[in-house]
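First the structure, in the form of structure tokens, and then the observations on it.
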Amino acid sequence: MKRFTAALATVALATVVTARAAEPVRIIFQGGRAIPIEALELKGANFVVTAAQDGLTVGQSVPSNTADHVFGDKPEGINKGIGFLLTGEPVKALGALEPIVTAHKVTGPVPGNFWVETARAAILAYADMGNAAKAEDLAKALADATPESGPDPVLGLARALLMSASTKLDARVAAFDEFINDNSPTDIAAYASYFKGQYLQKGKQDARALEAWSVVTCLYPTGGNILNGAAELASSQYLFNHKRRDEAVVLLEAAARDARNSPVADEAKKRLESMK
């Protein structure tokens, strides 16, 4: 009987975990109606129903301003894509991000969406690999989805990444500094300071690079856990190189924790293992 009860408990737990992991992303409308994003298409100021849902018929229009918020699990590919972007693998980043950019575009104007975060990361990935046209096109789509906000500042940050390799370090740093302020969205400020640190490191200005990465975690920690973890990962290498092993270990442990389920955490764990 005990075995049977334990088996039932195991099945029940597995069912709960599976159901939680499979929580679909839906747009919640005023009045409580919940529609899966796969069943909607955004056309102008209206959503058009593409599959009958909750009393709505195919082809029926629903004003987009009646959408209250987005509900559901954040797609795993977002954190993975951002992690690849921040560890210098933009092609892999886009492999994770592009499907989400396409699938979630319909949620662009709705509060609480995952699309803006994903689109911004994809734009930076395009810029990092030198694809200005793709970065500009997606930035336009982002601006179109949120017309009340005007052009998204991620486009300016992308242009800083797209600057010629011959650009002097001070000029590139100044371009990033334009976005490191409280007028920028927090994630944009954090991205700008992170990339600033990378270029300072390439310019052999390690102390300034450490300061830039510290800005990410100290001034803009709400920019995102993956950004925090990447800054901690980068900072740990500086500390290790300067014989501050214990502090480096603390930062690697923080990176593995903050950026879990991403390439940043994977790299932090590898470095921790190598330091044993």
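Within the stretch 81-104, residues that are in contact (Cβ under 8 Å) with a residue 60 or more places away in the chain sit with their Cβ atoms under 6 Å from residues that are part of a loop (DSSP other than H, G, I, E, B), at 6+ positions apart or across chains, in these pairs: GLY83/SER262; HIS104/PHE114. Restricting attention to the stretch 17-60, the residues that are among the aliphatic types (A, V, I, L, M), surrounded by 10 or more Cβ atoms within 10 Å (Cβ to Cβ) and either modelled with pLDDT under 85 or in a loop (DSSP other than H, G, I, E, B) (or both) total 6. For first residues located in the stretch 113-137 and under 27 Å from ILE27 (Cβ atoms), partners that are polar (S, T, N, Q) and lie 6+ apart or on another chain with Cβ distances below 8 Å form the pairs ASN113/THR107; PHE114/THR107; TRP115/THR107; VAL116/THR146. Applying the set (1) polar (S, T, N, Q); (2) over 20 Å from GLY223 (Cα atoms); (3) open to solvent by less than 40 Å² (accessible area, probe 1.4 Å) to ASN131 leaves exactly one unmet item: (3).
Residue check: is ASN241 farther than 18 Å from VAL154 by Cβ and in contact (Cβ under 8 Å) with a residue 60 or more places away in the chain? Give the steps one after another, and end with the answer.
On the way: farther than 18 Å from VAL154 by Cβ: yes; in contact (Cβ under 8 Å) with a residue 60 or more places away in the chain: no.
Here the answer is no, as ASN241 does not meet what is asked.
With respect to the conditions (1) in a helix (DSSP H, G or I); (2) open to solvent by 40 Å² or more (accessible area, probe 1.4 Å); (3) in contact with a Phe, Trp or Tyr (Cβ under 8 Å, 6 or more places away or on another chain), GLU148 falls short on a single one, namely (3).
Please find, within the stretch 102-121, the residue that is surrounded by the most Cβ atoms within 10 Å (Cβ to Cβ) out of those that are in a helix (DSSP H, G or I) and out of contact with any Leu (no Cβ under 8 Å at 6 or more places or on another chain). Quick ask: steps written out before the conclusion?
We begin by selecting, within the stretch 102-121, every residue in a helix (DSSP H, G or I); these are 102-107, 115-121.
Filter again for out of contact with any Leu (no Cβ under 8 Å at 6 or more places or on another chain), leaving 102-104, 107, 115, 117.
Numbers: THR102: 11, ALA103: 17, HIS104: 22, THR107: 24, TRP115: 26, GLU117: 20.
That would be TRP115.
Got at least one residue in the stretch 159-169 being of a type in the set (D, E, K, R) and buried (at least 16 other Cβ atoms within 10 Å of the Cβ)? Checked the stretch 159-169: no residue is of a type in the set (D, E, K, R) and buried (at least 16 other Cβ atoms within 10 Å of the Cβ). With respect to (1) in contact with a Ser or Thr (Cβ under 8 Å, 6 or more places away or on another chain); (2) surrounded by fewer than 24 Cβ atoms within 10 Å (Cβ to Cβ); (3) farther than 25 Å from GLU76 by Cβ, the lone exception for ALA192 is condition (2).
THR222 - would you say it is under 19 Å from LEU85 (Cβ atoms), among the β-branched types (Val, Ile, Thr) and open to solvent by 90 Å² or more (accessible area, probe 1.4 Å)? Explain how you work it out, then say what you get.
Details: under 19 Å from LEU85 (Cβ atoms): yes; among the β-branched types (Val, Ile, Thr): yes; open to solvent by 90 Å² or more (accessible area, probe 1.4 Å): yes.
So THR222 passes the test.
When the stretch 234-246 is filtered for residues that are open to solvent by less than 20 Å² (accessible area, probe 1.4 Å) and either within 17 Å of the chain's Cα centre (by Cα) or polar (S, T, N, Q) (or both), the ones remaining, listed by number, are SER235, SER236. There is no residue in the stretch 189-212 that is among the small types (Gly, Ala, Ser), more than 22 Å from GLY83 (Cα to Cα), part of a helix (DSSP H, G or I) and touching a residue at least 40 places away in the same chain (Cβ under 8 Å).
For residues in the stretch 207-219 being open to solvent by 60 Å² or more (accessible area, probe 1.4 Å) and more than 20 Å from the chain's Cα centre (by Cα), which is farthest from THR186 (Cα to Cα)?
Filtering the stretch 207-219 down to residues open to solvent by 60 Å² or more (accessible area, probe 1.4 Å) leaves 207-208, 211, 218-219.
Then drop every residue that is not more than 20 Å from the chain's Cα centre (by Cα), which leaves 207-208, 211.
Numbers: ALA207: 23, ARG208: 21, GLU211: 17 Å.
Per the criteria, the residue is ALA207.
Could we say that GLY130 is in contact with a His (Cβ under 7 Å, 6 or more places away or on another chain) and either over 14 Å from ALA192 (Cα atoms) or not in a helix (DSSP H, G or I) (or both) here? The answer is no for GLY130.
The values are calculated or read from the model by the stated rules, or taken from the named source; none is laboratory data. Keep in mind that this is a model prediction, so the values were computed, not measured. Reconstructed Cβ throughout: ideal geometry from the backbone, glycine too, with neighbour counts over all protein chains shown. We work out accessible area using only protein heavy atoms, side chains counted, and drop any ligands, DNA or RNA first. Shrake-Rupley method; radii C 1.70, N 1.55, O 1.52, S 1.80 Å.
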